[in-house]
Amino acid sequence: MDVAVFWVLAVLAVAGAVMVFRFDSMARATFSLLASLLCVGGLVVLLGLDYLGIVIVLMMTIEMAIMAVFMVMYMMNPAGLMPMTMIHNKKGAAVVCGLVFALLAAGILLAPWPARRGKAPADPTMELGMSLMGPQMLTMMTLGMALFATIVATVVLATRRGRYDRFGDDLRARRADDPVRGGVGR
Amino acid sequence: MVERTPLWAVFVLPALLVGAALVTAGFDAVLAAGARRGRPGSLRETAVRAVEPGRQVLRHLVQQPRRTRASDLPLARIGAGLLPVAAVLAAVVLPLGFRSVSDLPEGIVWFNAMEALAWAAVWLAGWGPNSTLSLIGGYRFLAQGLAYELPHMLAITTAALGAESLRVGEVVDAQAGLWFVVWMPVAFVIYLLSAMAMAFWGPFDQPAGRDVAGGAGAELSGADRVLFLGGRWLLLVVAAAFSVPLFLGGGHGPLLPGWAWTVLKTAAVLAFLVGVRRAIPTVRMERYLELAWVVLTPLAIVQALVVAVVVLNR
Amino acid sequence: MTLELFLLLAAALFCVGLFGALTQQSIVMLMMGLELMLGGVILAAAAAWHYIAPAASEGQVLIVVAVTAMALEMAIGFAVVTALFRSREIDMTDMAAELKE
């Protein structure tokens, strides 16, 4: 049963990945990437990491839905009604990728992998939580800081309006001059 | 503890959900007709009004399907079909009494992941037909999703925190004495808000609003339309039903058996939501976004903090 | 199912993603390639956790880091595209390379 599930998910994951770069329609490309990543989530569940697998499914669904918006926004031909290619250096890239794959495959097949040590904990989710809140606290805090820095950086990069636009040249305006009024009485 | 369930439950679950959705839609139709044409004169008239949603389903199924030019039919089909599938998958961890189809160890995260599939489904259904109005509907749902998802996740995490488990069965067990709604009222209210927003229904119906001629589902016809609009009702039923094990004590209650209490509580929540729809005007998603991020999210964090302190001192 | 099989699958995903990242001219498509590469990394980490050291939690932590990296990459990527597009109406890598001239 597990083997059948593995092969189905594996084939779907690779097929979805390849189709990302073959579809003309951006919506199709985005959602074939989503299909591929959902299969990765399924494979992670298959490996016994239920929590992380489900979190990958949750995150990727939301991420790809948002990604679709940007794809449509920034591509010249989002619906793929007039097929066109937007790629460069196809041959070189194919050679590089073939070489990398050959190298990785040789490494995977030739390396003397160590035997399995220890047993999986009864509740890997608990183990992960205990680890993140204990010995791996530094990792967790770094991730938190990185996420916070990203929020600040993305807003700074993406917004067109600064505080002078909102509160006037001398920053004296009582209420911000926003194009869209918010929902909390401003 | 939630017991294991036999395999036939897999087939019973969708049937039960569809039944519940039809009853809710019928109730809503009676209320709507009552508001439009006055109180029903007889019991028979009430019944005629209540089966209106069922008649609509049959009408759509036999109707000649409509196609738009240069539409991406497969994507629209996937979107329309994904909505009910997501609702049923989310309901897999839903206990009826003390039994669910599968009580996953990470049931709460599973529910969240499955209802998030609605994001993809509604956008695809809006994109597929190559029509402006339906695409606007799809975009509106993404904006609304960004608004409701943050406080929503915090609210369901609060319930998991109170039970110290992500397993829905253990969340129910933890409420044998005191229901979570009593000491997590903020999380409960936020959950109800996001349940409506998730099903883009009631005050949050902008993604399928009348001002854009039905929004994301505007161009769908035939079986696709039935799946999409039916999936929306299923999502509402599942979201409302999930508030019962999370906050309202699941199957716990005096005298009656567990399943009866679950059904009663779910019906009460659904009736409340259907009533609320007639009392509250539509909220535009950019307004709700600010409300959700500036007011509801901090409130949800404070609520989670209170619960965490209580749990630590237990 | 063996460790090698999972790792080969991860390597395949990684290489498809690499091909996309190298060939695509559009910045948004390039980011999809990066996402696929990270997907391969996640799969390899999960397989290593399962088949080599299931008792150690570091494998799981690695997956958490990779998932976070995916989210950060996408958020920053879109912000940069938005900033580039605002200032120069640019959405392709080749055009961005001309900026330095």
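The values are calculated or read from the model by the stated rules, or taken from the named source; none is laboratory data. Bear in mind that the values here come from a model prediction, so they are computed numbers and not experimental data. Virtual Cβ from ideal backbone geometry, glycine too; neighbours counted across all protein chains shown.
Values for this structure:
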| item | result |
| --- | --- |
| Residues that are touching a residue at least 12 places away in the same chain (Cβ under 8 Å), surrounded by fewer than 22 Cβ atoms within 10 Å (Cβ to Cβ) and assigned to a helix (DSSP H, G or I), drawn from the stretch C:13-26 | C:18, C:21 |
| The stretch C:73-98, subset within 7 Å of another protein chain (Cβ to nearest Cβ) and surrounded by fewer than 18 Cβ atoms within 10 Å (Cβ to Cβ), residue modelled with the highest pLDDT | C:76 |
| Which numbered condition residue B:130 misses (of (1) assigned to a helix (DSSP H, G or I); (2) on the phi > 0 side of the Ramachandran plot) | (1) |
| Any helices (runs of 4 or more DSSP H) falling wholly within the stretch A:1-96 and containing at least 1 residues that are closer than 25 Å to residue C:85 by Cα and modelled with pLDDT under 85 | A:26-46, A:50-74 |
| Residue under evaluation residue B:175, criteria (1) touching a residue at least 60 places away in the same chain (Cβ under 8 Å); (2) among the polar types (S, T, N, Q); (3) within 22 Å of residue B:68 (Cα to Cα), criterion not met | (3) |
| Residues that are at the interface with chain A (Cβ under 7 Å from one of its Cβ atoms) and over 24 Å from residue A:47 (Cβ atoms), drawn from the stretch C:1-28 | C:19, C:20, C:22, C:23, C:24, C:25, C:26, C:28 |
| Odd one out for residue A:12, checked against (1) more than 9 Å from every other protein chain (Cβ to nearest Cβ); (2) out of contact with any helix residue (DSSP H, G or I) (no Cβ under 7 Å at 6 or more places or on another chain); (3) in contact (Cβ under 8 Å) with a residue 24 or more places away in the chain | (2) |
| Residue that is aromatic (Phe, Trp, Tyr), in a helix (DSSP H, G or I) and either touching a His at 6+ places or on another chain (Cβ under 8 Å) or surrounded by 13 or more Cβ atoms within 10 Å (Cβ to Cβ) (or both), where the choices are A:101, A:148 | A:101 |
| Qualifying positions in the stretch B:129-150 - buried (at least 23 other Cβ atoms within 10 Å of the Cβ) and either polar (S, T, N, Q) or in contact (Cβ under 8 Å) with a residue 60 or more places away in the chain (or both) | B:129, B:134, B:137, B:138, B:140, B:141, B:144, B:147, B:148 |
| All positions within the stretch C:34-48 that are within 7 Å of another protein chain (Cβ to nearest Cβ) and of a type in the set (Val, Ile, Thr) | C:42 |
| Single unsatisfied condition, residue C:62 versus (1) of a type in the set (A, V, I, L, M, F, W, C); (2) more than 7 Å from every other protein chain (Cβ to nearest Cβ); (3) within 29 Å of residue A:92 (Cα to Cα) | (3) |
| Among (1) within 25 Å of residue A:115 (Cα to Cα); (2) at pLDDT 85 or above, the one test that residue C:55 misses | (2) |
| Residues of the stretch A:17-58 that turn out to be among the small types (Gly, Ala, Ser), within 14 Å of chain B (Cβ to nearest Cβ) and buried (at least 24 other Cβ atoms within 10 Å of the Cβ), as a count | 4 |
| Helices (runs of 4 or more DSSP H) completely within the stretch B:145-208 that count 2 or more residues being closer than 26 Å to residue B:122 by Cβ | B:185-198 |
| Filter result for residue B:140 (farther than 24 Å from residue B:70 by Cα and basic (Lys, Arg)) | no |
| Hits in the stretch B:65-100 - residues which are at pLDDT below 85 and within 20 Å of residue B:248 (Cα to Cα) | B:96, B:97, B:98, B:99, B:100 |
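Here is a yes/no grid of residues against (1) at the interface with another protein chain (Cβ under 10 Å from one of its Cβ atoms); (2) in contact (Cβ under 8 Å) with a residue 12 or more places away in the chain; (3) not in a loop (DSSP other than H, G, I, E, B):
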position	(1), (2), (3)
A:113	yes, no, no
A:127	yes, no, yes
A:157	yes, no, yes
A:169	no, no, no
A:177	no, yes, no
A:180	yes, no, no
